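Step one of this worksheet: look at the structure below.
Values quoted throughout were computed directly from the atomic coordinates according to the rules given, and no laboratory measurement underlies them. Everything numeric here is computed off the predicted structure, so don't read it as measured data. All Cβ positions, even for glycine, are placed from backbone atoms using ideal geometry, and neighbour counts span all protein chains on display.
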Amino acid sequence: MNLNHFRFETDADGIALATWDSPGKTMNVITQDVMTELNTIIAHVASTEGVKGCVITSGKDAFSGGADLTMLQGLGLEYAKLAKSQGEEAAITFFFEATARLSQLYRKLETCGKPFAAAVHGTCLGGAFELALACHYRVLSDSDKTRVGLPEVKVGLFPGAGGTQRVARLMQTGDALQMLFKGDQIKPAAARSMNLVHAVLPRDQIVQAAKEWIKAGGSAKAPWDIEGFKNPSNKVHSAPGMMIWPPANAIYRRETSDNYPAAKAILQSVYEGLQLPMDLALRVESRYFAMILRTPEAAAMIRSLFLSKGELEKGARRPADIPPTKFKRIGVVGAGFMGAGITYVAAQAGIQVVLIDRDIEAAEKGKAYSHKLMSDQIMKGRAKSADRDALLAKITTSADYSMLKGCDLVIEAVFEDRAVKETVIKKIAENIGRKTILASNTSTLPISSLSEYFERPSQFIGIHFFSPVEKMLLVELIMGKRTKDRALAVALDFVRAIKKTPIVVNDCRGFFANRCVLNYIREGHIMLAEGVPPAMIENVAKMAGMPVGPLSLNDEVALDLGWKILQATKKDLGADAIDSRQEALLKTMVVDLQRFGRKNGKGFYDYAEKGKALWPGLADLQKVKLDADSINKQELKDRFLAIQALEAARTVEEKVIVDVREADVGSILGFGFAPYTGGTLSYIDRMGTKDFTALCERLAKKHGDRFKPNKLLKQMAKTNESFYGRFAPKKAAA
Ligand code: NAD
């Protein structure tokens, strides 16, 4: 056999071992070539008399990340080309065959007559786990690195190589649907108890165990191919089935607002597939897969949440000529809410942290946050107390700035007060070496102005984290007017070390994410002032695809903070720069009623131990009350998304954002902008700049100048030019 991606050997017992180890790659991925070689292996095992069966394993640290999504993207382009040159039918035929290839290959493996076993260590996700599911026996290593799962739904796809059918035949339908909807990565013990795998063993025993299973006469028939097989939840059309399907539908609608075609296809695929024999069921799944792959949602989500996100994480914006920094020690000054979080993620990444505050007690309080987070992990069985000790040993608390000596990077996260920041920056400057990069986590103060307090402004940069730091994936890096490449490179290396996703933006009021999201919150406030029922504001925002309503979000970030920002904007830019309805609402809530949000248990919502509920007093604040049935819900949805996307378009015109990928990735990871759209600019591109500009003009006429399209948009609208067309991102650095 002529193999490049697999090593293949057969032992004295006649048991073959196919070791997947694609040359020159850190991770195995499924490509056309890999499929061809798998096909060769299956044919060889099936037809060679001396071979009893085959174990598939990996020669790398992980099993495989699944299918190469750029290959799937390529198929989409091929389809579009064919549709143009040979017509829709020829294109669809090609597309169906091409996208069903993997599924058919796995079915061939499953029905070839010889037993196959998968011995899995490390990550085994998506198409790779579907390969394991098609094998007749699966054994996982008990390593902490081993994870299995079907995360396709997270990039707008669904498992189209048998995943929906095999999972739904291995466990109760409700559990299967949950697993497919969530797309979580599953640990070995959980995978065993979910009946996804047959055994969990130490890493060095998995191949042997798989071989033993074959040697002991392991069956080459999947359970569903054996006469009399019964679905774990019985028939779809049965009393138990009816306990599942009506609520499943309702849960799907509640969770997705019908915005995610892939989630719907999971539901349809399982519902229809469970009523059919396996071969037909797989064909049904393939049809849905081919349909989903051609949806704009899948294209947008693959581009932003997989490709662009990956490119940014690998350093697409990193200046190439600067050697990478290996962080030995960093400093964090200000051990409050943010400083404590930054300390934790840095220590998690194995970096020594000097944590400084005004006094040692305050610094210790910041360190205690790491203790608490680690203790939570221990309680959940995700860490051991030795891990906590090791992490805490990395954090040195102090009130003495001279401890900052030798740090590669120092991040200040003290009070959002210019005078305090000035004193602190100057004090840090006196205690660090000439090469150290100094960063600020400010959320509102211009980086260029803060850099003036440091004698080496080229080494000053904004590293803007989102709260809570340990959960939020995005970090916004802010280039001051005088920030130079080395500061950017070091900041990007740090973000990479702590495994977060960076976007790089130029200095301006609110930077990128806050600018967009404050518009979203303001739109909610204005709707409230207009008389839209509060519950409708919240629900329609979620129907538009936002993870939380604007009122709820405002409660989380604190109403008094919103009030402060509004007053600062008014002071700096004049009364016209703010909306008087929003000012009046926030004044009532914050100044008159002392309702600050979740932090004092009362904001737009009331917070009780049992949960939260919209504050009934909101109705009394509304001078006008609109009749819910008279409100155009589509228009409310448009307003929520357009006001954010328009702000993103403005940041492109102002060159705050210089790479379209960053606006898209930043908007989804930073503030949850409707992920199915692919982000703020992809949302505009999908509608077309012409239609988007027209929408903004209509909204401006009815609701005010805040919707007026900017110059760039109007220019692009003339020829319906897209953002990805006009500002095509440069190819990522390796
Ligand atoms: P915080 O009030 O929780 O913490 C500030 C800490 O700074 C306190 O521990 C305080 O004792 C310390 N401090 C004050 N003066 C000091 C001094 N002279 N020397 C040393 N330490 C001093 O505030 P926070 O929410 O953690 O915010 C910190 C920074 O992060 C601010 O610039 C804020 O704008 C920014 N930020 C906050 C958020 C958020 O959601 N809270 C998000 C992004 C950025």
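Data table
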quantity	calculated
Label zone at K730 (point 7 Å along Cα-to-Cβ), backbone N below 18 Å, segment 469-485	477-480, 483-485
Compactness index (Cα Rg / 2.2 N^0.38 Å), segment 329-508	0.97
Cα coordinate range in segment 71-110, projected on the principal axes (Å, largest first)	37, 19, 7
Spacing of the two label points (7 Å from each Cα toward its C-beta) at A419 and T10, in nm	8.4 nm
Taking the convex hull of Cα positions in segment 244-313, its mean projected area over all directions (nm²)	5.8 nm²
The chain: relative contact order as a whole-number percent, Cα under 8 Å and 6+ apart	9 percent
If the convex hull is drawn through the Cα atoms of segment 493-635, its volume per residue in Å³	157 Å³
For E654, E297, E89, order by how many other beta-carbon atoms lie within 10 Å, fewest first	E89, E654, E297
Cα centroid separation, segment 143-218 to segment 561-587 (Å)	53 Å
Over segment 329-508, relative contact order from alpha-carbon pairs under 8 Å, at least 6 apart, %	20 percent
Exposure proxy order (Cβ contacts within 10 Å, fewest to most) of D629, D389, D579	D629, D389, D579
Cα-only Debye scattering, segment 514-726: base-10 log of I(q)/I(0) at q = 0.19 Å⁻¹	-1.46
Sequence-separation-based contact order of segment 6-294, relative, with Cα cut under 8 Å and 6+ spacing, percent	19 percent
Loop sites in segment 163-268: GluC sites (Glu not before Pro), DSSP, at most 15 other Cβ within 10 Å	E227
Span from the segment 92-123 Cα centroid across to the segment 507-528 one, whole angstrom	47 Å
For segment 6-294: span of alpha carbons on each principal axis (Å, largest first)	54, 50, 37
Kirkwood-based Rg to Rh ratio, the chain, C-alpha trace	0.99
Over segment 431-507, equivalent-ellipsoid semi-axes from the Cα gyration tensor in Å	20, 14, 11
Per-peptide average of other Cβ atoms within 10 Å, ordering 503-509, 581-587 highest first	503-509, 581-587
